[in-house]
Amino acid sequence: MFDSTSIMFALAGGLLIGLSATLLLLVNGRVAGISGILFGALLSQEGRNWRLLFLLGLIAGGGLYWAIAPQAFEVRQDYPPLLIVASGLIVGIGTRLGNGCTSGHGVCGIGRLSVRSIAATITFILTGIVTVTLVRWFMGASL
């Protein structure tokens, strides 16, 4: 299931995420919470340039990975489009309710030993486990 190339890409990706989050905090004094960065880029004039550049870097990084390892981008055909759209909307609503996403709470908040972020990340993980279990049970979906 996991080969050495996949492990190396995952390790490199994790290191780059940590480095990016650290640099953003040191240089800008900002936490690398992607939902907050996106929200600020769309709805605020303050700091829009750095936010857009950060988001562009995420997209460019994904594009570079796709160019290097296209086999890693397997297209799923077995999920109904309505389920995919509903899932995206639910994640967006959860992000707003949780005052952030896994990047802000999980990557940055836990690193700062934030109790709120630790609780939010545990909630994200448990909710994901329950959701996958329910989807598999009710819809017969597989990973």
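Results, tabulated for the structure shown:
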quantity	calculated
Candidates 11, 89, 38, 64, filtered to the one that is surrounded by 12 or more Cβ atoms within 10 Å (Cβ to Cβ) and part of a helix (DSSP H, G or I)	38
Boolean, residue 75 is part of a loop (DSSP other than H, G, I, E, B), within 30 Å of residue 5 (Cα to Cα), of a type in the set (A, V, I, L, M) and open to solvent by 60 Å² or more (accessible area, probe 1.4 Å)	yes
Options 102, 95; residue that is free of Cβ contacts under 8 Å to residues at least 24 places away in the same chain, among the hydroxyl-bearing types (Ser, Thr, Tyr) and either open to solvent by less than 90 Å² (accessible area, probe 1.4 Å) or under 25 Å from residue 10 (Cα atoms) (or both)	102
Residue satisfying all of: in segment 14-23; surrounded by 13 or more Cβ atoms within 10 Å (Cβ to Cβ) and not β-branched (Val, Ile, Thr); nearest to residue 58 (Cα to Cα) among these	20
Selection status of residue 5, surrounded by 10 or more Cβ atoms within 10 Å (Cβ to Cβ), more than 16 Å from residue 102 (Cα to Cα) and hydroxyl-bearing (Ser, Thr, Tyr)	yes
Positions within segment 95-127 being part of a helix (DSSP H, G or I) and within 13 Å of the chain's Cα centre (by Cα), in sequence order	95, 102, 103, 104, 105, 106, 107, 108, 121, 124, 125
The lone exception for residue 58 - which of (1) exposed (fewer than 12 other Cβ atoms within 10 Å of the Cβ); (2) within 19 Å of the chain's Cα centre (by Cα) it fails	(1)
Residues of segment 24-35 satisfying the condition of being open to solvent by less than 90 Å² (accessible area, probe 1.4 Å) and among the hydrophobic types (A, V, I, L, M, F, W, C)	24, 25, 31, 32, 34
Condition check for residue 135: out of contact with any Asp or Glu (no Cβ under 7 Å at 6 or more places or on another chain) and open to solvent by 40 Å² or more (accessible area, probe 1.4 Å)	no
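The values are calculated or read from the model by the stated rules, or taken from the named source; none is laboratory data. These numbers come from a predicted model, not from an experiment. Here the Cβ is made from the backbone with ideal geometry for all residues, glycine too, and neighbour counts use every protein chain on show. In case anyone asks, the SASA skips ligands and DNA or RNA and just uses the protein heavy atoms, side chains included. Shrake-Rupley method; radii C 1.70, N 1.55, O 1.52, S 1.80 Å.
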